Each structure stands twice: as structure tokens, then as C-alpha cells.
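Report on the structure given below.
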2 protein chains.
Amino acid sequence: MINFELYKVFYLTAQLGSLSKAAKALYITQPSVSHAIKQLEEGFGLELFSRTSKGVVLTKEGQVLHSYVEQAFTFLSLAEDKMSELKNLEGGELRIGGSDSLCKHYLLPYLEVFHAQHPNVKIHLVHGTTPEIVTYLKEGKIDLGVVRMPVNDIQLEVREGILIQDCFVAGSKYRELAGQILSLEKLLDYPIILFSRNSHSRYAITGLFRDHGLVLAPEFELGSVDLLIEFAKTGLGISYVTKQFVTKELEEESLFEIKLDVPIPQSRVGIITLKNMPLTSAASTFIERIPLN
Amino acid sequence: MINFELYKVFYLTAQLGSLSKAAKALYITQPSVSHAIKQLEEGFGLELFSRTSKGVVLTKEGQVLHSYVEQAFTFLSLAEDKMSELKNLEGGELRIGGSDSLCKHYLLPYLEVFHAQHPNVKIHLVHGTTPEIVTYLKEGKIDLGVVRMPVNDIQLEVREGILIQDCFVAGSKYRELAGQILSLEKLLDYPIILFSRNSHSRYAITGLFRDHGLVLAPEFELGSVDLLIEFAKTGLGISYVTKQFVTKELEEESLFEIKLDVPIPQSRVGIITLKNMPLTSAASTFIERIPLN
DNA sequence: ACCAGCTATAGAAGGTGTCTATATGATCAA
DNA sequence: TTGATCATATAGACACCTTCTATAGCTGGT
């Protein structure tokens, strides 16, 4: 197979109709171009150019070759443009999986900043449980996942993100509980609102109660953090939410935290990727912007 | 612009999913392939392959690049096939211009042989006067022309072909002239049939008469050699034709030559091409088969 | 734990692309 | 014609870069 590099010289020579001009365009000397063309011609056993005193003209065979090489050249040029686009985040896509509530409350601000800086990178955000996110990763459907630690999977590369703290919050209806320190047992006298099953936080808090010989049976089971907050505000019960996600409500005192006499374990956000699988330019740039451990 | 040769390595590596296999396919060593891929990756600033213990897998960016390079590779492969086709006369075309009667009576046998040997070369035969043929050549509409010498044009490359001899022939009606040697003057007593104006042979013979102070005014002016022969056979007059083209008729004695007391100048077939313009593979092969000087 | 198979790395050597210098040819103007 | 200009071709030298050998490192399977 002929040295592809020769086609580059051939193409430019044909386009410019001159060995010397092609040489300038390629930042090499005219004898080099002459040599390259000769190699092509000898390789095919055909003359490709007719040499005149004003430059060169494609022969019939040269025209045929040119029509093919032109296509190839176009594709390779496009390829280089596209690559630079991907490299400079002027294209491509960022596919992220977020588990539970992390999607909206944790990820969203970073995504907004990223999108503002790289508006041409398409962002795909998929939502799912931690195991689903892991599966998506392994199937190559997403570039990275944002889940709660711990995640134990030998195939995954885990970057530790910030710590988050879950807590119970209530609205004004239960104002009398503000300032008090409740026991787990006492808390059960109130209607409890939890995130739906299969969520990491749900497992964690249920486990805490079980460790104390108690059963945490929620009055409501909701599918979104927004609803948890809303229900608590309107006094339908006491919601178990991530403290960092209700900062605003705590500040404006539409919600207040209910202190317990046992500590609720913190959990950590983890950014997971496939081990040994190179990240896309977009993904690695995005990860750099997320505050880690 | 990136060295096109690297794309060849990239493409094969992607296709085979392995640096080592690509190395074998390219008859180089694995480290060379590794090096080439690294050059590409550094050139783009992007990782193109994910390395595993079983080989390599395209990254997202690699997939994008591959989709472009695949197209380019296809075109370049096609180009090489096509070139070999042209080189081996399994394709392409042969465009010939023949003046006057030379087309049918001189060229045809060679064209038949050529076509039998290279059935995939398309043959275009155009007919015209010598100046027209020359014009076609200069316009690039034909690859070579077959005309009567002399042709004087600085831009033309002329190969001298066989000598041909024109003569006057008649059919049985003028049988009494057989064996006689006529003067030009005496010949004018008979009805003369000539090829149409603007033909080389017409100029030649009219000139000969003029040199002897005579005017050659034909009874008939015909546009084809076949008609000249036919008219002579049926006794409508004495035709001026190329001796070589009536060999059959002379042999079977349906025509006989009329000898003159002055020699009619011979003329030579010339194969003309554009000077400095490389011939197509088909054209140069064809010319080799024509008997020259 | 070891072997097989893959890729990465380092350093050396050879080949090839590129250079400079010059030749050759065509065109054009005087 | 002659000389000037501009094009490509050729020759030979050099330097870079591709490719090589040798080896290390890693992974997965036996």
C-alpha cells in the first residue's frame, strides 16, 4: 500500500497546479515535492501530471486519482477539525449518571457552570439508583457517575467528593421540637417522610434505627427531594433529607433541623468512572471542576 | 496537518483491535505501531484507544476519528484499485481521432485487436478533418490522432506511420484503360470522382493537376471511401482512392488501377499526440501496436 | 504463583525524507 | 536570435524520524 503521506503532497500539488506552490503550502522545498510525486508515479507505474513551464496539469489518470484523493482528503480534514473540536470542548458530549437526589441538588450547579463555559458540549444526565449507574458506566452509556459512597467494585475508579450529612427536618407545625434533642424512639411518635426505597440514604437511616432495635416505618414515601421538602414545610411530617440540600430552607426558617441524641453517619459523594477507560475530554474537564475530598 | 501515514496505522489498529495485529498487517513491529498511535494521540491531545490486556478499544474520541478515517481509507483503497486497473488496461478509455478515410480502412483492424485484448477499455473514435483532429487533441478531447502527413504544428508530437499511395481506379465499364498509361490531360476526358473538399488527398491530387497547368473538376464529390469505391465499380466514373484501401477490389478485379505518366506522390500516415503531454496507459499501448515508419 | 499475551518504554541503527546546489527546459521580451 | 525569468528535474549530502531490538509492566487465566 502506498505511503498515505504522498497523497497529501499529490492533492495539494493538484489543487495548486504547481510543485513549487505545493512546496510552499507544505513548508518543504520544491525538490521534495518533485520527489514525492515521482514516488507516487513510480508506485502506480503511471504518469499523474503533465509538466509544463507554468506548472503541472493532471493527466487523465491523475484526474482519476485526484477525484478519489479529494474525497479522502476532505474526510481527513474534517476529522482533524472534529478532533480539535472535541479537544477544545467545542463539541462532543458529556454523559453523566446521578443517583438519587444528587442529580438535582448536587450536580446541577456544576453542570450549569460547565454548560455556560462549553455550550456546544451536549450534556446527557441520566438518573438512577447506584447499581443502575454502575451498570450504565460498564455498558459505556455514561462517562461518569455521581453516587453516594461507599461503592465497592473492582472495575471502578472512585474519586471521593464532599461529605454530606443527612438529617431530619420539620416545618412550623412541629416548632416545639426546635432546640430539643430527641431520641430515635421518641422520633417515631411523629409521622416520618422518607425517600423511596432503594435509595442509599433510605438504607442508611433504616439501618441506624435497626441498630437500636427500632423499626422505622415511614408515613410517606416520596420519589423526589423536592416533595420531601414540600411535605415537611406543610407539616405533613418530618422528612429525612440531606442537610446541604435544604440550606436555603433552614436559613429562611421554613424548615428547622431536629437534633437527635445519636449521630447520623455522614456519607460521601463519590465520582465513579471505569478503571482503565480513558475519559473523554469533556468528562475529565468536568471532573476537574468538582470539589474532591 | 497530521502525517497521513499515521492514519493508516490508526485505521488498521482500530479494525483489528490490537497493536500487535496491526503491526503484523503492516509488516512492522508492535513498538512502531505503539509509537505511531502515540504520535496521533499527542497530535490531537486526545486518547484514541483504551488499552486492555487483550488489545485496544477505541475511546469515544477514537470512534469519532475512526468514522472519518474509515471513509478516507475506503477512498484511498478504491483509488489504488482504480490506478492498477488503468495501468493494466482493465479500465479507462482510449480516445482516437481519425481523419478522412483512415478511420475505417487503416485504424479499424488495430482497434479490433486492441479491443479484443483489452475489452474493458472503452474506445471512442471520432472522425474529422485533419485540422479538426488537431483541435480535438489540443482541447484534450482525444488522446491521439491518426492523420495524413505532413502535419506542421509545433505543439504536436508526430510519429511517422506507413506510406500510402493514392491512385485512380475504375470498374469494368472502362476496361479499355487497363494496361494503358494515361496522361493527366487525357484522364480529364473521363468523369472523375473525388473525396469531399477539405480532405488531404483531395488537396494533393488537385495540386498535382494544377502543377501541370490543369484543373481537376470532379463529376462527383463523395463523403466516404465506400461510396468512392461503389461509384467506380458501377461505372459512374474514375475514383481517386488510396491503393491500400482497395486491395481487395483490385485482387478480385472488380476494380483496376489506371496508370498515369506522372507519379502520384506518396503520403504517409502520421500518429499525432500533444507534445509534452503524457499519454494514457491505453494510448501509449495502442501506439506501440501501430506499425511505424 | 506462574505463564501467555498484550502494550509501553528505552536506546540504537538504518532508511528515507528533506535539504542545497545545480541542471534543464519553456516562455517571453528585446 | 539572446538573455531573463520561472518552472521542474536531478544529484548528493545530511539529519531526522521511523523502525528495530530488548525489556519491562500489566492483566487474566490456568
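The table below gives the values:
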item	result
Count of residues meeting criterion [more than 7 Å from chain B (Cβ to nearest Cβ), open to solvent by less than 40 Å² (accessible area, probe 1.4 Å) and more than 15 Å from DNA strand D (Cβ to nearest atom)] in the range A:37-76	2
In the range A:13-41, the residues that are in contact with a helix residue (DSSP H, G or I) (Cβ under 6 Å, 6 or more places away or on another chain), among the β-branched types (Val, Ile, Thr) and within 7 Å of DNA strand C (Cβ to nearest atom)	A:THR29
Enumeration of residues in the range B:1-19 that are open to solvent by 60 Å² or more (accessible area, probe 1.4 Å) and within 12 Å of DNA strand D (Cβ to nearest atom)	B:ASN3
Some residue of the range A:81-104 being more than 14 Å from chain B (Cβ to nearest Cβ), open to solvent by 60 Å² or more (accessible area, probe 1.4 Å) and either free of Cβ contacts under 8 Å to residues at least 60 places away in the same chain or within 24 Å of B:VAL57 (Cα to Cα) (or both)	no
Flag for A:SER34 being near DNA strand D (Cβ under 8 Å from one of its atoms), within 50 Å of the chain's Cα centre (by Cα) and without any contact (Cβ under 8 Å) to a residue 40 or more places away in the chain	yes
Residues of the range A:115-133 satisfying the condition of being out of contact with any strand residue (DSSP E or B) (no Cβ under 7 Å at 6 or more places or on another chain) and either touching a residue at least 60 places away in the same chain (Cβ under 8 Å) or not in a helix (DSSP H, G or I) (or both)	A:HIS118, A:PRO119, A:ASN120
Helices (runs of 4 or more DSSP H) fully within the range A:213-293 counting 1 or more residues that are touching a Gly at 6+ places or on another chain (Cβ under 8 Å) and open to solvent by 10 Å² or more (accessible area, probe 1.4 Å)	A:225-233, A:281-289
Qualifying residue in the range B:148-165 (condition: part of a strand (DSSP E or B), of a type in the set (Asp, Glu) and surrounded by fewer than 17 Cβ atoms within 10 Å (Cβ to Cβ))	yes
B:SER172 vs. criteria open to solvent by less than 10 Å² (accessible area, probe 1.4 Å) and either over 15 Å from B:ILE264 (Cα atoms) or touching a helix residue (DSSP H, G or I) at 6+ places or on another chain (Cβ under 8 Å) (or both)	no
A:ALA25, sole failed condition from (1) more than 10 Å from DNA strand D (Cβ to nearest atom); (2) more than 46 Å from the chain's Cα centre (by Cα)	(2)
Counted residues, the range B:1-21 - those being charged (D, E, K, R) and within 8 Å of chain A (Cβ to nearest Cβ)	2
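The values are calculated or read from the model by the stated rules, or taken from the named source; none is laboratory data. Computed from a predicted model, the values in this text were never measured in an experiment. Backbone-built Cβ (ideal geometry, glycine too); neighbour counts: all protein chains shown. Calculation scope for accessible area: heavy atoms of the full protein, side chains included, ligands and nucleic acids excluded. Shrake-Rupley method; radii C 1.70, N 1.55, O 1.52, S 1.80 Å.
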